[in-house]
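K.L.:
Please read through the structure below; I'll follow up with questions.
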Amino acid sequence: MARTHGHGNPKWTRDETILALDLYFDLNGKIPSGSDDRVKALSEVLRRFPHHAEASRKESFRNPVGVAFKLQNLRQVATGKGLGNVSETDRAVWLEFGVSAAATKSLANLIRAGVTAFEASEPVQEDVVFAEGRVITELHTRREREPKLRGQLLSSRRVSGNLFCEMCGAPPHTSNAMLQEAHFEAHHIIPLSNTGVRKTRLSDLALLCANCHRLLHRAIAIKKRWLTVAEGKVICGV
Ligand SMILES: [Zn+2]
Ligand SMILES: [Zn+2]
């Protein structure tokens, strides 16, 4: 576990650490204090990170002092000198990117652009929010994306024959066996409000092609009620 400097802030992610390493390279080994403009600028970017939306409301979250600490930690990893709470992520990022300031810079630029792009986009489209609301829609989507569950679903369907979409009946659009699974997504057939928080079972899932899955979610949002796959088939006309 990384130290949080006593503020209970979430630990630094790989993306954030890469941005800090990029600044570390720019600084040529001289670590400024939290009042430095470059440190302040990085703090601002980190506080805009989408996955830390709630934490960033706290004033101590990735503040300039915290960023300066992180730069010291990175210097410690880089030089073996100094005191700091070096985290596993610090070590891993240094191992991967310490050899190339240029590679760090180009990835850091992409990450910064990603933060801006994320801000410009709506996290959940208004027309696909289920009647249960934004949080349930988000939760539903997250459950469906769980790689392990989708993998289990695909294996179980393979056992009973060739893969096909359970809504339109179509087989994969590709004959390349390595790509066939990419055609399919897992759809959670039971509204989360009915299941509470229990773990998803394979029997709660339907295997749908990406197109049908999209249509079904849109239809559920428009009808403002949960639809079975059979109902979806009729309404979507597939
Ligand atoms: Zn389909
Ligand atoms: Zn779904």
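K.L.:
Past the 25 angstrom mark, what percentage of all C-alpha to C-alpha distances in the stretch 14-120 do you count?
P.N.:
Counting every Cα pair in the stretch 14-120, those more than 25 Å apart make up 14 percent.
K.L.:
If I build a Gaussian network model for the chain, linking alpha-carbon pairs within less than 10 angstrom, which residue out of His173, His213, His188 has the largest mean-square fluctuation?
P.N.:
His173
K.L.:
Using alpha carbons only, what's the Rg to Rh ratio of the stretch 63-185 with Rh from Kirkwood?
P.N.:
A ratio of 1.15.
K.L.:
Give me the dipole magnitude in Debye, nearest 20, for the chain about the Cα centre, with unit charges on the beta carbon: positive for Lys and Arg, negative for Asp and Glu.
P.N.:
For this selection, approximately 460 debye.
K.L.:
Among the lysines, which fall within straight-line cross-link reach of Lys233, defined as a Cα-Cα distance under 23 Å, with same-chain neighbours fewer than 8 residues apart omitted?
P.N.:
Result set, ordered by chain and number: Lys223, Lys224.
K.L.:
Tell me, what is the Rg over Rh of the stretch 126-236, with Rh the Kirkwood radius over Cα pairs?
P.N.:
0.96
K.L.:
Over the chain, consider all pairs of different Cα atoms and compute the Kirkwood hydrodynamic radius from their mean reciprocal separation; express it in Å, one decimal.
P.N.:
Evaluated over the chain, this radius sits at 21.1 Å.
K.L.:
Divide by every residue of the chain the summed helix terms, -39500 (n - 2.57) for each DSSP H run of at least 4, and state the resulting mean residue ellipticity at 222 nm, rounded to the nearest 500 deg cm²/dmol.
P.N.:
-16000 deg cm²/dmol
K.L.:
Leaving out ligands, DNA and RNA, and with a 1.4 Å probe, what % of the accessible surface on the stretch 126-236 is carbon or sulfur?
P.N.:
The value for the stretch 126-236 is 57 percent carbon and sulfur by accessible area.
K.L.:
Let a ≥ b ≥ c be the square roots of the eigenvalues of the Cα gyration tensor of the stretch 180-238; is it rounded (a/c under 1.5), or, if not, prolate (a/b larger than b/c) or oblate?
P.N.:
The shape class here is oblate.
K.L.:
Here is the link list: Lys11/Lys40; Lys40/Lys105; Lys11/Lys81; Lys81/Lys105; Lys40/Lys148; Lys70/Lys148. Which ones come out longer than 29 Å on Cα distance?
P.N.:
With Cα atoms farther than 29 Å apart: Lys40/Lys148; Lys70/Lys148.
K.L.:
OK, next. What residue among Pro147, Pro50, Pro64 shows peak mean-square fluctuation when the chain is described by a Gaussian network model with Cα springs under 10 Å?
P.N.:
It is Pro147.
K.L.:
Here is a further query. For the chain, take the longest principal axis of its alpha carbons; what is the angle in degrees between that and the long axis of helix 147-159, to the nearest 10 within 0 to 90?
P.N.:
With rounding to tens, the tilt is 30 degrees.
The values are calculated or read from the model by the stated rules, or taken from the named source; none is laboratory data. Predicted, not measured: the structure shown is a model, and the values here were computed from it. Cβ atoms come from the backbone with ideal geometry, glycine included; neighbour counts cover every protein chain shown. What goes into the accessible areas is simple: the full protein's heavy atoms, side chains included, and nothing from ligands, DNA or RNA. Shrake-Rupley method; radii C 1.70, N 1.55, O 1.52, S 1.80 Å.
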